[in-house]
1. In region 129-152, what residues are crowded, with 17+ Cβ neighbours inside 10 Å and among the hydrophobic types (A, V, I, L, M, F, W, C)?
2. In region 50-83, which residues are of a type in the set (A, V, I, L, M) and touching a strand residue (DSSP E or B) at 6+ places or on another chain (Cβ under 8 Å)?
3. Looking at (1) surrounded by fewer than 18 Cβ atoms within 10 Å (Cβ to Cβ); (2) touching a helix residue (DSSP H, G or I) at 6+ places or on another chain (Cβ under 8 Å); (3) in a helix (DSSP H, G or I), can you tell me which one Met80 breaks?
4. Do the conditions hold for Ser105, that is, is it touching a residue at least 24 places away in the same chain (Cβ under 8 Å), under 15 Å from Tyr16 (Cα atoms) and part of a strand (DSSP E or B)?
5. Looking at (1) free of Cβ contacts under 8 Å to residues at least 12 places away in the same chain; (2) assigned to a helix (DSSP H, G or I), which is the one condition that is false for Pro94?
6. Name every residue in region 121-132 that is in contact (Cβ under 8 Å) with a residue 40 or more places away in the chain and either in a strand (DSSP E or B) or of a type outside the set (Gly, Ala, Ser) (or both), in order of residue number.
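Read-outs throughout are calculated quantities, based only on the coordinates presented, and are distinct from any laboratory measurement. What you see is a predicted model; the values in this text were computed from it and never measured. Note that each Cβ is placed from the backbone with ideal geometry, even for glycine, and that neighbours are counted across all protein chains shown.
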Amino acid sequence: MSTPGILITSRPLDEYCHLFGLTRSALCAVPGPVLDCPGGAAGLAAEARALGVRVVAADPAYAAPLTALTALARHGRDAMAASMTATPHLHLSPRYRPYERYLRSWDRARRLFAADSAAHPERYVAAALPRLPFADGSFALTLSSYLLFAYPGIFPPAGQLAALTELVRVTAPSGEARIYPLHDGTGRRCPHLDELRAALGRRRISSEIQRTPRPGDGRTRQVLVLRAAGHRRRPGPGISPRERAA
């Protein structure tokens with residue numbers, strides 16, 4: 001079942017790209033499967049599969065019946081709508097992204113998830129950090145959104161360290177794990193991020209903070225990128241300077 005207090009969201013593929021500094025073409029170039037953890041009721045696995053990209057989603061909520069899970073996802077959609085009204089400073093301005101259009105993209109993603117998880121249940125694994133049922137180095141790219149830093153009451157510093165280490169364990173040595181956001185639900189940045197990165201370094205995990213452009217308002221997002229130390233970095237999926245200027 002889902003963890004109490006954690007929203008089940010329904011983000012579409014394009015939102016994943018914006019959050020993590022990816023493009024569809026870069027995602028297609030990833031040389032292996034992609035892990036989405038937690039996957040929630042996102043459309044990523046279904047939409048990426050249509051592009052020829054294999055995505056495995058992991059989330060403890062997948063232990064629930066599909067009808068219960070989609071109901072939780074609808075609640076997550078309603079919670080997002082309420083947050084946009086109550087705390088607009090935490091969201092992209094409707095001038096750049098009209099709220100109703102954005103919420104409709106969640107509705108579509110939720111429907112895609114429901115259909116895809118029913119047709120391909122093997123791609124949706126009921127599992128929770130910090131222990132994942134995957135072999136070492138199973139994924140070329142690992143994405144984790146709106147969990148470890150978004151819910152510090154559920155993931156204290158020790159829990160964050162254990163979960164981040166696990167995400168790197170299941171990622172191929174030549175790949176990387178990307179984590180977003182680095183702040184909680186009030187917009188407060190993780191106050192112990194430097195100490196956390198130092199602890200990761202002692203575990204031979206290199207880290208960097210990449211800044212990616214946020215559509216519309218010129219602000220940037222900060223993404224934590226983790227790699228197994230001691231391995232040469234290959235060109236990772238992302239946005240080229242030419243694509244940023246487009």
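1. The answer is Leu129, Leu132, Phe134, Phe139, Ala140, Leu141, Leu143, Leu147, Leu148, Phe149, Ala150.
2. Filtering region 50-83 down to residues of a type in the set (A, V, I, L, M) leaves 50-51, 53, 55-58, 61, 63-64, 66, 68-69, 71-73, 79-82.
Across region 50-83, the qualifying residues are Val53, Val55, Val56, Ala57, Ala58.
3. (1) is the only condition that Met80 fails.
4. Details: touching a residue at least 24 places away in the same chain (Cβ under 8 Å): yes; under 15 Å from Tyr16 (Cα atoms): yes; part of a strand (DSSP E or B): no.
For Ser105, the condition - touching a residue at least 24 places away in the same chain (Cβ under 8 Å), under 15 Å from Tyr16 (Cα atoms) and part of a strand (DSSP E or B) - is not met.
5. With respect to (1) free of Cβ contacts under 8 Å to residues at least 12 places away in the same chain; (2) assigned to a helix (DSSP H, G or I), Pro94 is out only on (2).
6. Residues of region 121-132 in contact (Cβ under 8 Å) with a residue 40 or more places away in the chain: 123-129, 132.
Arg123, Tyr124, Val125, Ala128, Leu129, Leu132, listed by residue number.
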